Amino acid sequence: MSVARNGTRTVVRIDGVQAPGFTGRLEITLYHGSLLMNIAAVMTTQRDSTAILYDAGLVSSRPVWDSDFCGLI
């Protein structure tokens, strides 16, 4: 595990993540002054022409966050 601060972000990296055919690490990015965070599995494979991408986000019919604070209300 490692922790690195880069400007207004802190990234926590946890090695040893595995899935069938993939290895890598978990990266948790914390944004200073915000309740939001990003969690990503950063993985590689030895199989040619293989990629899997999953993405998720917040969806709402009305604004539920304060753009000045970038935190949840």
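The values are calculated or read from the model by the stated rules, or taken from the named source; none is laboratory data. Worth saying up front: this structure is predicted, and the values here are computed from it rather than measured. Cβ sites come from the backbone with ideal geometry, for glycine too, and all protein chains shown count toward neighbours. To get the accessible areas, we keep the full protein, side chains included, count just its heavy atoms, and leave off ligands, DNA and RNA. Shrake-Rupley method; radii C 1.70, N 1.55, O 1.52, S 1.80 Å.
Remark: pairs (first residue in segment 28-51, farther than 14 Å from Ile14 by Cα; second residue aromatic (Phe, Trp, Tyr) and modelled with pLDDT under 95; Cβ separation under 6 Å; 6+ apart in sequence or on different chains) = Thr45/Phe22.
If you go through segment 39-50 and pick out every residue that is open to solvent by less than 70 Å² (accessible area, probe 1.4 Å) and either among the acidic types (Asp, Glu) or at pLDDT 90 or above (or both), you end up with 5.
Screening Ser2 against (1) modelled with pLDDT of 95 or more; (2) surrounded by 14 or more Cβ atoms within 10 Å (Cβ to Cβ) leaves a single unmet condition, (2). Which one of Leu53, Leu35, Leu72, Leu58 is at pLDDT 75 or above, in contact with a strand residue (DSSP E or B) (Cβ under 9 Å, 6 or more places away or on another chain) and of a type in the set (A, V, I, L, M)? Answer to the selection: Leu35. Being assigned to a strand (DSSP E or B) and open to solvent by 80 Å² or more (accessible area, probe 1.4 Å) is the filter; apply it to segment 5-23 and report the residue that is modelled with the lowest pLDDT. Selected residue: Asn6.
Between Leu36, Leu58, Leu26, the distinction of being open to solvent by 70 Å² or more (accessible area, probe 1.4 Å) and among the hydrophobic types (A, V, I, L, M, F, W, C) belongs to Leu58 only.
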